[in-house]
Amino acid sequence: MAGGGNFIHRVISYVANELIVNGLANSPKFQRFAVRTSKKMEELSDIAAQKKKELAEQVKDVSKSFEVVIQEPVMLIAIQLA
């Protein structure tokens with residue numbers, strides 16, 4: 001008997017899925033929403049990639065600054081020893 005209930009559940013799930021998918025696929029409002037959402041996600045992705053690039057450049061610049069700060073005292077010590 002449990003097997004019959006499982007079958008009925010599958011049938012109801014399939015029919016509901018078909019109705020929902022077909023309803024959304026044929027809905028101009030949903031299609032506009034999907035297109036706007038897709039474009040917005042692409043824009044956000046592009047902005048995130050640009051920010052990632054800018055941040056990488058800033059980290060690179062800061063890294064170079066630390067190298068200069070670390071190297072200068074070593075040179076001063078070498079000059080004082082000479």
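Please go through segment 1-41 and pick out each residue that is of a type in the set (A, V, I, L, M, F, W, C) and over 32 Å from the mean Cα position of the chain (by Cα).
Met1, Ala2, Phe7, Ile8, Val11, Ile12, Val15
For Asn26, which of the numbered conditions (1) exposed (fewer than 10 other Cβ atoms within 10 Å of the Cβ); (2) in contact with a helix residue (DSSP H, G or I) (Cβ under 6 Å, 6 or more places away or on another chain) fails to hold?
(2)
Quick note: the coordinates plus some simple rules give every number you see, no bench work behind them. The structure presented is a predicted model; accordingly, all values stated were derived computationally and were not measured. Virtual Cβ from ideal backbone geometry, glycine too; neighbours counted across all protein chains shown.
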